[in-house]
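The values are calculated or read from the model by the stated rules, or taken from the named source; none is laboratory data. Because the structure is predicted, anything quoted here is derived from the model rather than measured. A quick note on method: Cβ atoms are made from the backbone with ideal geometry, for glycine too, and the neighbour counts reach across all protein chains shown. Note: accessible area is taken over every heavy atom of the protein model, side chains too, but ligands, DNA and RNA are not part of it. Shrake-Rupley method; radii C 1.70, N 1.55, O 1.52, S 1.80 Å.
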Amino acid sequence: MSIQTQLSKIVDYFKRPPKSAQVAKERLQIIIAHERTERDKPDYLSLLQQDLLDVITKYVAINREDIKIDLDRKDGCSILELNVTLPNFKESPSSLFKEIVTEE
Amino acid sequence: MAKIIVVTSGKGGVGKTTTSASFAVGLANRGYKTAVIDFDIGLRNLDLIMGCERRVVYDFVNVIRGEANLNQALIRDKHAKELFILPASQTRDKDALTLEGVAKVLDELGNTFDYIVCDSPAGIERGAQLAMYFADYAVVVTNPEVSSVRDSDRMLGLLSSKTKRAEEGREPITEHLLLTRYSPKRVTNGDMLSINDVNEILAIPLLGVIPESQAVLRASNSGEPVILDQKSDAGQAYADTIARFLGEQLPHRFIEEKSHWLKRIFSLKEKETV
């Protein structure tokens with residue numbers, strides 16, 4: 001062990017842990033900021049999520065958790081962010097596409 | 001038309017009923033004709049805090065269902081001349097409160113009263129939503145503690161979306177923060193969120209700070225709202241809160257740690273030498 005790490009250990013020992021009120025404040029700031037963005041989402045987001053899930057599961061087997069929808073607001077402009085995690089394919093996506101086409 | 005005040009918090013046990021009782025008495029003692037309504041259907045308690053539990057004959061739900069008229073259900077308070085109490089029902093029927101029923105009662109009260117104080121139940125169920133729905137003012141009661149602050153923020157969200165004023169796109173409800181059970185000593189020690197911490201997070205105007213006080217339990221034991229105990233710190237803090245609500249500018253008291261008697265003597269001596 002280097003002298004430096006030993007020294008920092010000694011310093012840590014004497015350093016006082018952060019006060020609990022400070023910890024509380026930081027935790028609250030994070031969770032409340034998160035909950036406020038959730039709160040401001042329009043009600044149709046979860047319905048939209050369900051519809052998108054219905055459409056995608058027609059072609060690929062995915063779960064509800066695999067679709068994430070977020071609404072961000074920047075400079076008076078709303079951005080709808082859609083994130084779909086697809087399962088690992090053995091074949092390339094293009095061959096899957098072909099498969100669907102041939103099925104029809 | 002009466003002004004409607006909702007006392008709300010989300011979290012239970014932070015002092016909504018204590019605050020409703022003291023608020024109502026405070027307003028009435030200033031000469032405003034005031035009614036205080038217990039919205040906690042099934043868990044009636046405002047009557048105990050106001051000391052009128054043995055005079056309850058008819059209640060809020062009786063009036064809504066037309067089983068009694070408003071004058072039969074209103075209890076005249078024994079402490080303040082201009083104050084009347086409308087107790088909650090002890091029914092277990094969750095659907096006893098209806099929007100139309102509450103609207104009717106508030107309308108009728110509105111003709112004769114200056115202020116209507118709505119004591120909200122904890123939680124975000126029907127009783128809590130109806131208590132805030134018609135409000136013009138909200139007093140958000142918060143303890144300097146994580147779960148209470150978070151729940152208060154949830155209530156602020158509901159106040160700005162699930163109320164009549166919000167739905168009609170009118171001027172929003174005037175929100176006030178009331179910090180209760182505040183312990184300056186624990187704040188100094190770094191073990192309690194400070195006034196500034198809570199203010200920074202919730203970002204609504206601070207109406208008052210009620211210190212953690214033995215007087216509150218004494219008051220509820222005897223059924224005398226704590227604002228009537230003007231010797232106590234909590235009672236004085238509630239009186240200040242009412243004054244601020246009515247537009248007076250008053251500094252916040254009981255927010256600094258009481259210094260040790262030895263320290264006080266020394267600081268006195270310092271002052272004398274200056």
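Hey, residue A:43 hits all of (1) surrounded by fewer than 10 Cβ atoms within 10 Å (Cβ to Cβ); (2) modelled with pLDDT of 80 or more but one; which does it fall short on?
With (1) surrounded by fewer than 10 Cβ atoms within 10 Å (Cβ to Cβ); (2) modelled with pLDDT of 80 or more applied to residue A:43, the lone miss is (2).
Tally the residues that are touching a Lys or Arg at 6+ places or on another chain (Cβ under 8 Å), part of a strand (DSSP E or B) and over 19 Å from residue B:210 (Cα atoms), restricting the search to the range B:1-38.
The initial filter retains those residues of the range B:1-38 that are touching a Lys or Arg at 6+ places or on another chain (Cβ under 8 Å), namely B:7-10, B:14-15, B:28, B:38.
If we keep only those that are part of a strand (DSSP E or B) as well, we get B:7-8, B:38.
After this cut, where a residue has to be over 19 Å from residue B:210 (Cα atoms) as well, the list is B:38.
So the answer is 1.
Of all residues in the range B:124-165, count the ones that are away from chain A (no Cβ under 14 Å) and over 24 Å from residue B:212 (Cβ atoms).
Result for the range B:124-165: 16.
Find the residue count for the range B:84-98, including only residues that are more than 19 Å from residue B:54 (Cβ to Cβ), open to solvent by less than 70 Å² (accessible area, probe 1.4 Å) and either at pLDDT 95 or above or not polar (S, T, N, Q) (or both). First the steps, then the outcome.
The initial filter retains those residues of the range B:84-98 that are more than 19 Å from residue B:54 (Cβ to Cβ), namely B:91-98.
Pick out the ones that are also open to solvent by less than 70 Å² (accessible area, probe 1.4 Å) and you get B:91, B:93, B:96-98.
Within this subset, residues satisfying the condition of being either at pLDDT 95 or above or not polar (S, T, N, Q) (or both) are B:93, B:96-98.
Looking only at that region, the number is 4.
Starting from the range B:91-102, take each residue that is under 15 Å from residue B:66 (Cβ atoms) and list its partners that are among the basic types (Lys, Arg), counting only C-beta distances under 7 angstrom and pairs at least six apart or across chains.
As it stands, the answer is B:97/B:126, since those pairs meet every condition given.
Can you tell me which residue in the range B:218-249 is most open to solvent (accessible area, probe 1.4 Å), limited to those that are more than 16 Å from the chain's Cα centre (by Cα) and within 21 Å of residue B:144 (Cβ to Cβ)?
This residue is B:233.
Between a residue in the range A:28-57 that is in a helix (DSSP H, G or I) and any residue that is modelled with pLDDT of 85 or more and of a type in the set (Gly, Ala, Ser), which pairs come within a Cβ distance under 9 Å, given they are 6 or more apart or on different chains?
A:35/B:157; A:36/B:157; A:39/B:157; A:39/B:161
Just checking, which of A:26, A:81, A:65, A:99 is open to solvent by 70 Å² or more (accessible area, probe 1.4 Å), at pLDDT 85 or above and of a type in the set (D, E, K, R)?
Values: A:81 fails: at pLDDT 85 or above; A:65 fails: at pLDDT 85 or above; A:99 fails: at pLDDT 85 or above.
None of the other options fit; the residue is A:26.
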